[in-house]
Every structure is written in structure tokens, then in C-alpha cells.
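None of the figures in this text is laboratory data; all of them are computed from the coordinates on show. The structure presented is a predicted model; accordingly, all values stated were derived computationally and were not measured. Because the Cβ atoms are built from the backbone with ideal geometry, glycine has one as well, and the counts that use them run over all protein chains shown.
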Amino acid sequence: MSEVFQRNGAAGSGASLKKVVLASNNAGKLREFAALLGAAGIELIPQGELNVPEAEEPHPTFVENALTKARHASKLTGLPALADDSGLCVRALRGAPGVHSARYAQLAGGEKSDAANNARLVSALQGETDRRAYYFCVLALVRHADDPEPLIAEGRWHGEMLDAPRGANGFGYDPYFFLPSLNASAAELEPAVKNASSHRAIALRQLLARLTEEA
Ligand code: IMP
């Protein structure tokens, strides 16, 4: 194997994935990701512990944002890095709020809060009969900052938008996101149930399968 390939290569280059920086400081995500990846022998370190500041998320696609965050964390730490980007995509709104989910109300001059985001969404869907929506999550894992073959995984969690909130668990749009198959909103689910079936769980299992294939 050439020196260049060893330096820039991806799968099979021998890059160690024992220790991986998580490009997020969200404690909930760390718990979810650590549980599944721990089983594959991977230790996750939140980027805040290594003094990595949050990266910008300027792109129009989830995958570009996830990759940007992963490369940023890897570049600053010299370690492999994992990042996710997620959001809610509503059919009747042609995929909005999508990549803008966290700042949906703010982009319309409101505050950056779950309550304001939900209020804007309820108002946008008033009188709309097509309630179909899904949460989307992309995971990007880079072995080093310039990895030419990042591992990408994605998950979709399909549901329907409610016009009145249900449940007190979860976060974000969960009280308005109804799962017909579970007859509950995402905010009515026990955290363990949500964590086993959500868009993040689906993407994580896909990532894990890719890692296992590679090992
Ligand atoms: P990020 O992936 O942390 O950037 O999340 C983007 C935004 O998408 C969050 O701020 C929420 O508004 C929304 N979102 C992503 N995943 C979920 C979820 O599991 N429940 C509720 N809202 C979510």
C-alpha cells in the first residue's frame, strides 16, 4: 500500500476506529450513540471535552451538513469523527422545515425555541389534509479530516402531523409527530421505545452494519 493511500485512504487503510469524536454535545444523542457503538467496541468522546467549538451548518442538504461537522471535529482533534444532522420533513410543505428544523421560527423572525417552531408548523398546516411527514437523520463518519470515503448512513421515521400536542417526552416536534403503527405521538413514547425506532436508531443500525462489513 502506498504512503499516500495509507494517509488518505479509507476502508482497509488500517485507520483505527476505537476512539471516535462525536461532533455534538447533546447528552441525549451521546447516550443513544454510545449505547449502540459501544457494542461495536467504539468509544465516543463528545467534541466539547476536546474543546472543539460547534461548526457552522450552512448547507442545503443534511448530508453536507453532517459531513462538514464530522470533518471539522476530525481536523481539530486528529481523531476519527462522527456527526449527525436531522430534521422534520413535511410532505404538504414540500419537505420544510427540513434542514432548517432547529431554526424554523427564527427564520420567520421568531425566537429559536421548540414552542415557536411548533407554533409556526401548526399554523403552516392549518386546513391541510395531507398530514404525512418523516424525521430524517444522516450520519457521517470520517476516519480522518480528508477521508475520501466517509461512511454515510441515513434513517427515515414516518408519521403524521397532529394539530394539537400529545405527550411530554422527547423534544422538538415530538408532541406533534404521530406514529400510527404505535398509536402514539413521539412524545408519548418511553425514551427507550423512541430510541429503538427513531430515524437516528435506523441510521445508527445502518452505520453499524457498514462498520461490521468493513471490519
Ligand atoms: P440537529 O440534528 O440536532 O441539528 O436537530 C435539528 C432539529 O430537527 C432539532 O432541533 C429538532 O427541531 C428537529 N429534530 C431532529 N430530530 C428530532 C427528534 O427526534 N424529535 C424532535 N425533533 C427533532
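For residue 87, nonlocal amide neighbours, meaning residues 5 or more places apart or on other chains whose placed amide H falls under 5 Å from its own, are 136.
Coupling constants for the stretch 124-140 follow from the phi torsions by the Karplus curve (6.51 cos²θ - 1.76 cosθ + 1.60, θ = phi - 60°), and in residue order they are 5, 9, 4, x, 7, 8, 7, 9, 5, 7, 8, 7, 10, 9, 10, 10, 10 Hz; glycine and proline get x. Quick one: longest stretch of the chain between exposed loop GluC sites (Glu not before Pro), exposed meaning at most 14 other C-beta atoms within 10 Å and loop per DSSP? My reading of the result: 129-215 is the longest stretch.
Pairs of lysines in the stretch 5-214 whose Cα atoms sit within less than 21 Å of one another amount to 10, provided the residues are eight or more positions apart or on different chains. Rounded to the nearest whole Hz, the Karplus-based 3J(HN,Hα) values (6.51 cos²θ - 1.76 cosθ + 1.60, θ = phi - 60°) of the stretch 155-162 follow the sequence x, 10, 10, 8, x, 9, 7, 8, with x at glycine and proline.
Dipole size of the chain about its Cα centre, with +1 on Lys/Arg Cβ and -1 on Asp/Glu Cβ: approximately 100 debye, rounded to the nearest 20.
Rg(Cα) of the chain divided by 2.2 N^0.38 Å? Walk me through the numbers on the way to the answer.
Details: Rg = 18.1 Å, N = 215, 2.2 N^0.38 = 16.9 Å.
Ratio of Rg to 2.2 N^0.38 Å for the chain: 1.07.
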